[in-house]
Amino acid sequence: MDIYENTLECVQKDKRSLRTTFRQTRGSIETTDQEEEAGSWIKGNTDAADTGGRVMKLVILGFGVLCILQASLNVALRLGQSCINLSEEINEQQKIYSILNMSHHNLSEERDELHKMYSILMAEKKNLLEEKEELQTINSFLNTSHQNLSEERDELQRLYSVLNMSHHNLSEERDELQKMYSILMAEKKSLLEEKDELQTINSFLNTSHQNLSEERDELQRLYSALQARYNNVDEEKNKILAKLQKLNNNWLYFSGSFYHCSDNKRSWEDSRSFCQEQGGDLVVINNEEEQNFLRVYGGRRWIGLSDRQTEGVWKWVDGSSLTLSSWLSGEPNDGNGNEDCGEILMRDNGDWKLNDLSCNNEQSCICEM
Ligand SMILES: [Ca+2]
Ligand SMILES: [Ca+2]
Ligand SMILES: [Ca+2]
């Protein structure tokens, strides 16, 4: 723009110079014409003088035209140079425009970014204001606390002075206690050695105590077993004593049992009741040795055998099954469908047989206890 303005100013200056030159030329021509007219009127010049004057006018007029041409040429040159400068300036301005356009785009983005940041900053500002209010509240509280703490500090300083004095006294006591501590540490060392020795002894005693406890428990177990066995033996002894008292009443002993044969005749059920009243039951023949012993009684006698619970299934009164048997030929026949009790028939030669018989038959029996 500066170049354009300078060029325009030069053109305006040339234009003014051209106008001045033109006016001067026209003025001198007019002046010459007037002087000639006045001279011819006053002096009465000749025709030759008129011709010289006209040549002079033409020369002056030609010079004026030349000056005008020179000024026009100067204007044209200056305008051409101005056009070149303007083109270069336009190119320069276009570059600047591109740069400015890009800069404008960047500035727009920056503006948008700044808008976002502005929103964020506004939100932060709001938060900061809230925090500020909160901090003001805290500040108020802290001021109060500060005052309280100042008072406490003064109090603590007073206490510090007191404690400092106490500290001096305590330092002296500490030195005394350190001396005592050294003495006690020596005693502690001695006591620790004694403690180790006692722990060794204690460990030995613990082991001994454990062994003794185990031995005691074993002895207690043996004692309990012996006590139970003693009780059983005592009970057995009492039973044997009771049985021995009955030996006077025709009871015979064989292989751990006592036997009695009643000559009174009773039914099978009454015979069993009789034996139970004596402390026993109808005899159960467990083996051949017992059977051989029973020969001493001979005859026909009720024994503890029946099929009253299930017909055909013979069982002893102690619930055991019949294993040792020697039935008479054709027996058991359950005569009349009513023979459910067992008897033994013993001959003088020692033979013996079993037979089933009506339980209501009355005859003697053999008891076993
Ligand atoms: Ca028996
Ligand atoms: Ca029967
Ligand atoms: Ca029979």
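The values are calculated or read from the model by the stated rules, or taken from the named source; none is laboratory data. The shown structure was predicted, so the numbers you read here are calculated from the model rather than taken from an experiment. Virtual Cβ from ideal backbone geometry, glycine too; neighbours counted across all protein chains shown.
Among the residues here, Asp307 does not qualify as of a type in the set (Asp, Glu), crowded, with 20+ Cβ neighbours inside 10 Å, touching a residue at least 24 places away in the same chain (Cβ under 8 Å) and in the same structural domain as Phe254 (by TED's automatic domain parsing).
What about Leu294, is it within 16 Å of ligand 3 (Cβ to nearest atom), within 21 Å of Leu252 (Cα to Cα) and in contact with a Phe, Trp or Tyr (Cβ under 8 Å, 6 or more places away or on another chain)? Considered against the rule, which asks whether it is within 16 Å of ligand 3 (Cβ to nearest atom), within 21 Å of Leu252 (Cα to Cα) and in contact with a Phe, Trp or Tyr (Cβ under 8 Å, 6 or more places away or on another chain), Leu294 comes out as no.
Of all the listed residues (Ser358, Ser364, Ser326, Ser306), the sole one being more than 12 Å from ligand 3 (Cβ to nearest atom), of a type in the set (Gly, Ala, Ser) and out of contact with any Lys or Arg (no Cβ under 6 Å at 6 or more places or on another chain) is Ser306. Looking at this structure, is Trp316 buried (at least 18 other Cβ atoms within 10 Å of the Cβ), closer than 22 Å to Gly335 by Cα and away from ligand 3 (no atom under 16 Å from the Cβ)? So Trp316 passes the test. Of the residues screened, Asn338 is not one that is surrounded by 15 or more Cβ atoms within 10 Å (Cβ to Cβ) and either assigned by TED's automatic domain parsing to the domain that holds Phe254 or closer than 19 Å to Cys275 by Cα (or both).
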